[in-house]
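Structure, as structure tokens:
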Amino acid sequence: MTNNIQAIRGMHDVLPEQTPLWQYAEHKLREVLSVYGYSEIRLPVLEKTELFKRSIGEVTDIVEKEMYTFDDRNGDSLTLRPEGTAGCLRACLEHGLLHNQVHRLWYYGPMYRHERPQKGRYRQFIQLGVETYGMSGPDIDAELILIMDRLWKKLGIRDKVRLQINSLGTIAERQVYRVVLVNYFKAHLDELDEDSLRRLETNPLRILDTKNPAMQQLVENAPELMAHLGEESLAHFNGLTAILDSLGVSYEITTRLVRGLDYYSKTVFEWVTDELGSQGTICAGGRYDSLIEQLGGKPNFAVGFAMGMERLLALVELAGNVPLERSIDVYMIRVGELAEKEGLRLAEKIRNEVPGLKLQVNCGGGSFKSQFKKADKIGAEYAIILGDDEVSRKELAIKSLRSEQGQKTFNQEQAIAFLQEFLVKM
């Protein structure tokens, strides 16, 4: 006997009972982004591998170990996108969107990384990305933070998350700091773990982000980047904190908050939670002005953030206050040859007359009893009962499945009026 084919490890199905939670969160995302005037951009999941080598860097875990890369039939090296920023910026450069223009964009969809699967971290994961171009001041940095602050409130999880912010300064300032940091860690080589020893020469700032408890005191005592920032970088950071203070948005200045990629500068931020164990980062963002030149564009300004949906939904579900809608309002039961024929026509009439009503028609036959069981199982509020007798009298019966109202018989126009009233009261 042939074994059933299973899903690829780390790539999971979202089953029908789970999709209402996704739809609820996605609706809130679109709602919040629209009130801030952000436009959706839809991007391919496949890009040329060179795009990610140039943007992320060849000597990174993502490019060296995690990307799904292959040669297509033309011999071109292609990669399933591991993140969205590079593809969004590529699209804007390719279509001339950055020339003397300001843009606020968002995208949504699957990303791919060959990591060790665990709760909240998958090899195919869904991500919301928000990118802005052409704005240099701290006000747009603050706006991105306000978007997320509003979304958390909409989803009822504002009390579950905390905002952490930091400044990485300019690339030049960071190069000076890098020398100071490397010298500090070299004086404590015996205290560094294997990952940190590897990062010491390639990306020493990432050592500050270590999750190894044995290294926390060493990291706490390390020189701080903030002490090496110039006047412009400090003014930008102070401008951001002043805006957040004036709007009552609480935050923590976290001097160990860094990014693994060199193109980040000035503002970086994360929204974190203590509710999901080690997978505590819900949303991460920052300014990445220099990536535009790195990908061939003229000097410009860019800042954005990305949010993993799986972790967000785990937090929303944990909060337990999701007002999920019924998937079906009314279930039509049909028994008899005439009822089978008339039911579909009548269902279409009801859908036309009562827009928004979620009406499902029983298909595949079955007794009254078995069809009632189906109606109850899917959570319908009412059952429309149609037999041959009802068809010949041009009537139908409606029975409440969630109350003691009992069963009522209507002509077709009365039934439509009843369902219209039901929908208005919902």
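The values are calculated or read from the model by the stated rules, or taken from the named source; none is laboratory data. Because the structure is a prediction, the values reported are computed rather than measured. Don't worry about glycine lacking a Cβ; one is built from the backbone with ideal geometry, like all the others, and counts go over all protein chains shown.
Out of curiosity, is residue 150 in contact (Cβ under 8 Å) with a residue 60 or more places away in the chain, within 30 Å of residue 318 (Cα to Cα), in contact with a strand residue (DSSP E or B) (Cβ under 7 Å, 6 or more places away or on another chain) and of a type in the set (D, E, K, R)?
Answer is no for this residue.
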Listed residues 220, 173, 224, 201; which is more than 31 Å from the chain's Cα centre (by Cα), over 29 Å from residue 318 (Cα atoms) and in contact (Cβ under 8 Å) with a residue 60 or more places away in the chain?
173
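Results for (1) surrounded by 13 or more Cβ atoms within 10 Å (Cβ to Cβ); (2) farther than 30 Å from residue 272 by Cα, shown as yes or no for each residue.
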{"site": "319", "(1), (2)": "yes, no"}
{"site": "330", "(1), (2)": "yes, yes"}
{"site": "333", "(1), (2)": "yes, yes"}
{"site": "338", "(1), (2)": "yes, yes"}
{"site": "356", "(1), (2)": "no, yes"}
{"site": "369", "(1), (2)": "no, yes"}
{"site": "388", "(1), (2)": "yes, yes"}
{"site": "395", "(1), (2)": "yes, yes"}
Please verify whether residue 245 is among the acidic types (Asp, Glu), surrounded by fewer than 17 Cβ atoms within 10 Å (Cβ to Cβ) and within 22 Å of residue 279 (Cβ to Cβ), treating the condition exactly as stated.
no
Quick check, is residue 274 loosely packed, with under 14 Cβ neighbours inside 10 Å, assigned to a loop (DSSP other than H, G, I, E, B) and within 26 Å of the chain's Cα centre (by Cα)?
yes
Unique residue being hydrophobic (A, V, I, L, M, F, W, C), part of a helix (DSSP H, G or I) and either touching a Pro at 6+ places or on another chain (Cβ under 8 Å) or surrounded by 16 or more Cβ atoms within 10 Å (Cβ to Cβ) (or both) when the list is 182, 176
182
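Condition test on residue 122, is it crowded, with 18+ Cβ neighbours inside 10 Å, within 29 Å of residue 7 (Cα to Cα), among the aromatic types (Phe, Trp, Tyr) and at pLDDT 95 or above? Explain how you work it out, then say what you get.
Values: crowded, with 18+ Cβ neighbours inside 10 Å: yes; within 29 Å of residue 7 (Cα to Cα): yes; among the aromatic types (Phe, Trp, Tyr): yes; at pLDDT 95 or above: no.
Considered against the rule, which asks whether it is crowded, with 18+ Cβ neighbours inside 10 Å, within 29 Å of residue 7 (Cα to Cα), among the aromatic types (Phe, Trp, Tyr) and at pLDDT 95 or above, residue 122 comes out as no.
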On the given criteria, is residue 90 part of a loop (DSSP other than H, G, I, E, B) and out of contact with any Phe, Trp or Tyr (no Cβ under 9 Å at 6 or more places or on another chain)?
no
Counting just the residues of region 29-44 that are exposed (fewer than 15 other Cβ atoms within 10 Å of the Cβ) and touching a Lys or Arg at 6+ places or on another chain (Cβ under 9 Å), which one comes out nearest to residue 146 (Cα to Cα)?
36
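Which of the residues spanning region 14-38 are outside any helix (DSSP H, G or I) and more than 22 Å from residue 306 (Cα to Cα)? Can you show your working first?
If we filter region 14-38 for residues that are outside any helix (DSSP H, G or I), which is where we start, we get 14-18, 36-38.
Selection gives 15, 16, 17, 18.
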Looking at (1) modelled with pLDDT of 95 or more; (2) under 24 Å from residue 52 (Cα atoms); (3) touching an Asp or Glu at 6+ places or on another chain (Cβ under 6 Å), can you tell me which one residue 114 breaks?
(1)
Condition first: of a type in the set (Asp, Glu), closer than 20 Å to residue 178 by Cα and in contact with a strand residue (DSSP E or B) (Cβ under 9 Å, 6 or more places away or on another chain). Now tell me which residues in region 256-309 satisfy that.
289
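Which residues, taken from region 19-34, are without any contact (Cβ under 8 Å) to a residue 12 or more places away in the chain and more than 17 Å from residue 321 (Cβ to Cβ)?
Step one: of region 19-34, the residues without any contact (Cβ under 8 Å) to a residue 12 or more places away in the chain are 19, 23, 27, 30, 34.
Answer for region 19-34, where residues must be without any contact (Cβ under 8 Å) to a residue 12 or more places away in the chain and more than 17 Å from residue 321 (Cβ to Cβ): 19, 30, 34.
Among the listed residues 278, 290, 246, identify the single one that is under 30 Å from residue 50 (Cβ atoms), among the hydroxyl-bearing types (Ser, Thr, Tyr) and assigned by TED's automatic domain parsing to the domain that holds residue 92. Outline the logic, then answer.
Working: 278 fails: under 30 Å from residue 50 (Cβ atoms); 246 fails: under 30 Å from residue 50 (Cβ atoms).
Exactly one of 278, 290, 246 is under 30 Å from residue 50 (Cβ atoms), among the hydroxyl-bearing types (Ser, Thr, Tyr) and assigned by TED's automatic domain parsing to the domain that holds residue 92, namely 290.
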Note on region 250-269: residues closer than 19 Å to residue 222 by Cβ, out of contact with any Lys or Arg (no Cβ under 8 Å at 6 or more places or on another chain) and not in a loop (DSSP other than H, G, I, E, B) are 253
